[in-house]
Amino acid sequence: MAAKPSKKLTKTVLHKIDSQLNQRKKITVLGQYEVQIDTYFKLSKIQDVAMDYLKIITELKSRKNITDRTIMRSVALISTLAVKEFSDAPIPDLSRIDDLIKVSAQLLDTGILKEIWDAFPSDQLARLEEEINKISAEFGKQIGEAAIAASLQEQDKAANQEPANPQL
């Protein structure tokens with residue numbers, strides 16, 4: 001049996017394959033507002049959602065006057081970031097975290113977040129969850145390894161600074 005001849009992967013072919021992943025569909029929220037949503041969640045966009053969430057959490061942790069309310073509302077941000085990445089809903093960018101938290105609450109309170117979320121393909125939502133869990137686990141592992149390395153360096157530094165005990 002003869003093997004099927006292979007084609008050369010070119011920049012043009014790669015662009016064509018990638019553009020096929022950019023399909024969107026129109027949905028209506030609250031019975032009257034159009035929103036375009038992705039039908040396929042690219043891995044690069046999923047990674048963007050995870051990294052954006054980690055950036056926000058890091059920023060919030062560094063704030064001195066953070067309220068319990070802000071922390072509580074930040075939990076819903078992962079869904080809002082996914083909506084930001086996989087739709088054309090009007091979500092502020094990361095540079096305005098307080099606005100992002102406010103819009104996230106508005107989307108939740110109005111039911112728009114649920115309507116958009118329910119319209120996403122279920123297989124893509126499952127893929128999103130799986131990939132974010134993998135990314136989070138890897139990120140946690142790397143932070144743990146960095147913390148252990150820093151601790152070992154501190155121990156080495158402390159051991160080298162201790163005065164030697166003269167033997168009598």
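Derivation of every value follows stated rules applied to the coordinates shown; laboratory data play no part. Treat the numbers as computed from the prediction; the structure is a model and nothing was measured. Please note: Cβ atoms are built from the backbone with ideal geometry, for glycine as well, and neighbour counts cover all protein chains shown.
How many Å³ per residue does the convex hull of the Cα positions in region 33-81 occupy?
Values: hull volume 4.2 nm³, N = 49.
Roughly 86 Å³ of hull volume per residue.
Starting from the 7 Å offset along Cα-to-Cβ, what nm value, one decimal, do you get for the label separation of LYS134 and TRP117?
Calculated label separation equals 2.3 nm.
Going by average Cβ neighbours within 10 Å, how do the peptides 90-100, 15-25 rank, with the highest at the top? Each step should come with its number before you reach the end.
Numbers: 90-100: 13.4, 15-25: 10.6.
Top to bottom by mean Cβ count within 10 Å: 90-100, 15-25.
Take the Cα atoms of region 30-113, build their convex hull, and give its volume per residue in Å³.
Values: hull volume 7.2 nm³, N = 84.
Taking the convex hull of the Cα positions in region 30-113, it is 86 Å³ per residue.
Please report, for the Cα atoms of region 1-40, the Rg to one decimal and the Dmax as a whole number; what are they, in angstrom?
Cα radius of gyration and Dmax of region 1-40 are 18.0, 57 Å respectively.
With unit charges on the beta carbons (Lys and Arg positive, Asp and Glu negative) and the dipole taken about the Cα centre of region 1-125, which residue among ALA89, SER122, THR10 sits farthest to the positive side?
Checked the options; the winner is THR10.
Could you work out the equivalent-ellipsoid semi-axes for region 1-74, taking the square root of 5 times each eigenvalue of the Cα gyration tensor, largest first, in whole Å?
Working: eigenvalues 330, 96, 18 Å².
Values for region 1-74, descending: 41, 22, 9 Å.
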